[in-house]
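Structure first, commentary second.
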Amino acid sequence: YSVHKIGWLVLAGAVAVWIRNLLTQFSDHRIVKRLAIGLIICIAAEICFGIVLANFDLPAMVQPLHMLFANLIFAAEFAIWIEVESFVRSRN
């Protein structure tokens, strides 16, 4: 549990660096920008849900939301990766 409580810092930091690099390299790519903004929103919501779970004795209603947004984060990261790969391949 303590690793989970600290791990979000590492994950959020790594994703922040990755998004910053994406937005500088693909500043003119509208889809990547929108997906990156969606990813940031999902991570912020996930952190808020995690704080609620940790501080309010694991409310049953928040647990599925926490898992849903974890899956949305994964999906957004995967969609960004697919979009970047297809964009790079189309330029070569």
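Observations on the structure shown:
- Residue check for V88: in a helix (DSSP H, G or I), loosely packed, with under 12 Cβ neighbours inside 10 Å and of a type in the set (A, V, I, L, M, F, W, C): yes
- The range 11-36, residues that are open to solvent by 100 Å² or more (accessible area, probe 1.4 Å) and modelled with pLDDT of 90 or more: R20, Q25, R30, R34
- Given (1) surrounded by 12 or more Cβ atoms within 10 Å (Cβ to Cβ); (2) within 21 Å of V3 (Cα to Cα); (3) not hydrophobic (A, V, I, L, M, F, W, C), number of the condition P64 does not satisfy: (1)
- Applying the set (1) among the aliphatic types (A, V, I, L, M); (2) over 14 Å from the mean Cα position of the chain (by Cα); (3) assigned to a helix (DSSP H, G or I) to A75 leaves exactly one unmet item: (2).
- Residue count for the range 67-92, restricted to those that are more than 23 Å from V17 (Cβ to Cβ) and at pLDDT below 95: 4
The values are calculated or read from the model by the stated rules, or taken from the named source; none is laboratory data. This is a predicted model, so every value here is computed, not measured. A quick note on method: Cβ atoms are made from the backbone with ideal geometry, for glycine too, and the neighbour counts reach across all protein chains shown. We work out accessible area using only protein heavy atoms, side chains counted, and drop any ligands, DNA or RNA first. Shrake-Rupley method; radii C 1.70, N 1.55, O 1.52, S 1.80 Å.
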